[in-house]
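What follows is a single structure, written as structure tokens, with notes after it.
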């Protein structure tokens, strides 16, 4: 298995533009998580899906952020319009369980820079 | 309000010695505790975990200790090797659904000196 695959690895965009981050989870994993890492806040959970259904999006910072999972092998995180304070590393992770006792498998992340 | 605290942003240890990374949590409902390791430009990778019914779990050079009364978790690495230089995150989970997925600390950057 290739693991969790995220694209792009790096994204530089201008303020106000739309940004779409992509994630392919590990086949057979029922849970998919989007995390954001910043120096100030560390790793924070934005949203998670179970069997393609969004379960909790209370971590999504604003209405500018949206996430979808149209099928078991693909998810997107969209920011529209983007702002400089959205600059961070965004990680996607997948897991067999919600509780994490087996551990989540993370992708390599997308480093987003909004200028 | 941080539910998981790693109070040491960085730690420097000599190769061959023991590295001890610490983590404190606030909620007694957490029942799984994990450590992740992260190299630059990579995602965090799962290292070791422990459930609340245990107080120790060992895997090779890595041992995790849980002190439930003190709400304290620690990771011991012995002997430390240069490849252990990374950022270590502790994470907690509430299987009763009281927490949202895994909650992470801010990480400790471990530097192994040759």
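Nothing in this text is a laboratory measurement; each read-out follows from the coordinates by a stated rule. Everything numeric in this text was worked out from a predicted model, so none of it was measured. Counting neighbours? That spans all protein chains shown, and the Cβs are built from the backbone with ideal geometry, glycine included.
The length gained on full extension between residue B:2 and residue B:39, counted as 0.36 nm times the residue separation minus their Cα-Cα distance, comes to 11.0 nm.
Neighbour counting of Cβ atoms within 10 Å sorts the residues A:14, A:44, B:42, fewest neighbours leading, into A:14, B:42, A:44.
Highest mobility in the GNM of chain A, judged by mean-square fluctuation with C-alpha springs under 10 Å and restricted to A:86, A:63, A:30, is found for A:63. With distances taken between every two different alpha-carbon atoms, the protein assembly as shown has a Kirkwood hydrodynamic radius of 18.1 Å.
When the convex hull of its Cα atoms is viewed from all sides, the range A:1-103 shows a mean projected area of 6.5 nm². Once the convex hull of all Cα atoms in chain B is built, its volume per residue stands at 99 Å³. Between B:53, B:20, B:77, the GNM of chain B built on Cα springs shorter than 10 angstrom shows B:53 fluctuating the most. Ordering A:115, B:92 from the fewest to the most neighbouring beta carbons within 10 Å gives A:115, B:92.
Mean per-residue shielding of peptide A:32-45 is 4, counting Cβ atoms of other chains within 10 Å of each Cβ.
A simple spin-label model places pseudo-atoms 7 Å from Cα toward Cβ; at residue A:39 and residue A:97 they are separated by 3.7 nm. Shielding value for B:104-111 is 2, the average number of Cβ atoms from other chains within 10 Å of each residue's Cβ. Would the range B:39-91 count as rounded, prolate or oblate if I go by the C-alpha gyration tensor, calling it rounded below 1.5 in a/c and otherwise prolate when a/b exceeds b/c, oblate otherwise? Verdict is prolate for the range B:39-91. Spin-label model, residue A:20 to residue B:111: label points 7 Å out along the Cα-to-beta-carbon direction sit 4.2 nm apart. So the label point goes 7 Å from the Cα of residue B:78 along Cα→C-beta, right? Which residues of the range B:22-54 then have their backbone N under 16 Å from it? Counting only backbone N, you get B:22.
Across chain B, Cα pairs under 8 Å and at least six residues apart give a relative contact order of 36 percent.
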